[in-house]
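The block underneath contains the structure these notes are about, expressed in structure tokens.
Bear in mind these aren't lab numbers, they're just calculated from the coordinates by the rules spelled out. As the structure is a prediction and not an experimental result, all values here were calculated from the model. Cβ coordinates were reconstructed from backbone atoms using ideal geometry, including for glycine residues, and neighbour counts include every protein chain displayed.
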Amino acid sequence: MTTSTGEAVEFWLLATVAVLGALGTVAMRKAVHSALSLAGTMIVLAVFYLANGAYFLGVVQIVVYTGAIMMLFLFVVMVVGITAADSLRETIRGQRWLAALVGLGFGVLLIAGLGNASVHAFTGLGQANSGGNVEGLAKLIFTTYVWAFEITGALLITAAVGAMVLTHRERTERAATQRELAERRVREGAQVPPLPAPGVYARHNAVDIPGLLPDGTPAELSVNKTLRSRGQIRDVSGEALEDLKALEQRAEDHAEGKGTEGAANSGAGSGGRGAPSGGTGAEPPNNSATPANGAAR
Amino acid sequence: MNPINYLYLSALLFTIGGAGVLFRRNAIIVFMCVELMLNACNLAFVTFARLHGNLDGQIFAFFTMVVAAAEVVVGLAIIVTFFRSRHSASVDDASLMKL
């Protein structure tokens with residue numbers, strides 16, 4: 001049986017597409033582009049199967065290969081992401097030339113071997129497909145190849161279990177509830193109340209500024225652990241301590257200035273000293289203290 | 001058209017796939033090239049079935065597809081596991097057992 005001209009035209013057109021797709025799979029820099037090129041090659045191969053009388057395989061090729069396997073590839077590409085490994089730079093010296101040499105030699109061997117074969121015409125599947133392609137395949141699968149077919153079932157189950165074992169991570173213990181977490185905190189004597197907020201008693205309210213303790217030192221707990229490990233904490237406690245010192249100095253000056261005048265200085269002094277520990281609240285007394293100071297002078 | 005053209009195409013695709021396995025270092029692309037080689041074999045099987053006028057070649061191609069599906073599932077699971085532990089999909093990084 002000879003092939004028709006239509007089939008020849010179809011072959012030369014689609015074979016070009018298939019080879020381009022295969023080259024694209026190898027040469028494309030990004031894995032997604034490689035996967036799409038491969039999907040194109042597989043669709044072309046499905047058309048060739050149909051043209052060769054393998055109607056069942058042609059449909060299975062599209063459903064299983066381009067539908068399932070290539071989608072699986074794309075999912076994994078999305079999970080794994082585009083890494084630096086995509087670069088085409090060679091890491092082993094001379095590997096590219098050797099690979100090209102081996103590939104070329106292998107191809108020449110294969111094609112030379114095929115060139116020696118004397119193939120002139122197809123026998124054709126007209127007789128084999130006379131009862132329908134699927135029926136013919138089914139007859140063979142369930143008679144001659146029934147043992148291989150059953151082994152295939154075992155193989156598929158093994159593959160499914162293997163994939164689950166490889167990718168699934170079992171949570172071996174129950175996640176602790178909020179109550180259990182709270183009880184554990186109390187038992188261990190760790191930080192029982194909520195962590196202090198950042199910026200409290202400081203000059204600013206930003207999350208990267210530690211809250212100040214009443215004595216003016218920064219509270220480590222009040223800043224996010226991530227910011228602390230990154231070293232992105234702005235420590236303004238020095239400023240605050242200086243402000244506090246200056247305020248106390250002024251308060252003392254004020255008290256000394258008043259000390260010559262009357263006994264009311266002790267009340268003013270304690271008032272001036274109590275205000276700075278209020279942090280942000282220290283500003284108004286500070287401002288009001290300055291004119292008082294000036295007035296005293 | 002001589003039927004051997006299908007076999008030439010199959011050999012060419014197989015060679016390109018094999019060269020791709022040698023060229024590329026991204027494990028996923030290496031895996032795609034293996035798939036390409038399997039597909040090239042399937043094309044040869046289907047062509048042989050038509051050459052000889054029986055369906056045995058198509059049965060072989062069918063079994064190849066089943067085995068390829070199982071292989072892809074397990075292989076991609078291995079790649080994902082490897083990526084989780086190494087944060088890389090490069091075949092160069094899988095050198096823990098190298099002397």
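Could you please rank B:GLU35, A:GLU173, placing first whichever residue has the fewest other Cβ atoms within 10 Å of its Cβ?
If I rank by nearby Cβ atoms, fewest first, I get A:GLU173, B:GLU35.
In deg cm²/dmol and to the nearest 500, what is the mean residue ellipticity at 222 nm of chain B if only DSSP H runs of at least 4 residues count, each as -39500 (n - 2.57), divided by the residue total?
Value at 222 nm, helices only: -27500 deg cm²/dmol.
Between the stretch A:34-66 and the stretch B:1-35, how far is it from one alpha carbon centroid to the other, in angstrom?
15 Å
Where does each of A:ASP253, A:ASP243 land when they are ranked from fewest to most other beta-carbon atoms within 10 angstrom? Mind dumping the intermediate values first?
Working: A:ASP253 15, A:ASP243 18.
The most exposed by this proxy come first: A:ASP253, A:ASP243.
Averaged across A:160-172, how many Cβ atoms of other chains sit within 10 Å of each residue's Cβ atom?
Per residue, the average neighbour count from other chains is 3.
Apply 1/(1 + (r/R0)^6) to the Cβ-Cβ distance of A:ALA100 and A:ARG171, taking R0 = 45 Å, and write down the FRET efficiency to the nearest 0.05.
Approximately 0.40, to the nearest 0.05.
When the C-alpha atoms of chain B are aligned to their principal axes, what extent does each axis show, in angstrom, from largest down?
That works out to 51, 24, 21 Å along the principal axes.
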